[in-house]
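The values are calculated or read from the model by the stated rules, or taken from the named source; none is laboratory data. Just so it is clear, the structure is predicted and the values come from calculations on it, not from any experiment. In this analysis, Cβ positions are derived from the backbone assuming ideal geometry, glycine residues included, and neighbour counts consider all displayed protein chains.
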Amino acid sequence: MASGMNGQNFAFIGYIPVKPTERVKAIREIEKRSFTENQTQIFIEAPYRNTQLFHDLIKTLNDQTRLCVACDLTLETEYIKTQTVEKWKKGIPDINKRPAIFLIDGRR
């Protein structure tokens, strides 16, 4: 709900692959599914791999795809932000070793 993305039609993917080539392929498939099915795609990563995943997301996703990162949910340090990949490329949050979820909305 706080992401501003489609809360009526979504899919929880769980973890995506760790190996770089498999990960890029999965990111592209997730983005495509979000676009074609008008569906928010939600996935997680081990906290110590969050930063690498975030870099892979902004390198792989279309600039106009909306990406949300939400971490430390229910804590005083809670962080939730949604913006286009293009805007994320200007600066990424420090989410290393923080429990986080990622959401993609590929609708344009």
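So the values come out like this:
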quantity: Odd one out for residue 10 among (1) modelled with pLDDT under 95; (2) touching a Phe, Trp or Tyr at 6+ places or on another chain (Cβ under 9 Å); calculated: (2)
quantity: Which numbered condition residue 40 fails, given (1) surrounded by fewer than 17 Cβ atoms within 10 Å (Cβ to Cβ); (2) more than 23 Å from residue 91 (Cβ to Cβ); (3) of a type in the set (Val, Ile, Thr); calculated: (1)
quantity: Residue list for segment 71-100, restricted to those being touching a Phe, Trp or Tyr at 6+ places or on another chain (Cβ under 7 Å) and assigned to a strand (DSSP E or B); calculated: 71
quantity: Condition met for residue 54 (part of a strand (DSSP E or B), surrounded by 14 or more Cβ atoms within 10 Å (Cβ to Cβ) and either out of contact with any Cys (no Cβ under 9 Å at 6 or more places or on another chain) or touching a residue at least 60 places away in the same chain (Cβ under 8 Å) (or both)); calculated: no
quantity: Flag if residue 92 is modelled with pLDDT under 95 and either surrounded by fewer than 14 Cβ atoms within 10 Å (Cβ to Cβ) or out of contact with any Gly (no Cβ under 7 Å at 6 or more places or on another chain) (or both); calculated: yes
quantity: Single condition residue 66 does not satisfy, out of (1) under 13 Å from residue 105 (Cβ atoms); (2) among the basic types (Lys, Arg); (3) without any contact (Cβ under 8 Å) to a residue 24 or more places away in the chain; calculated: (3)
quantity: Scan of segment 22-37 for residues that are within 21 Å of residue 5 (Cα to Cα), touching a helix residue (DSSP H, G or I) at 6+ places or on another chain (Cβ under 7 Å) and crowded, with 17+ Cβ neighbours inside 10 Å, ordered by number; calculated: 27
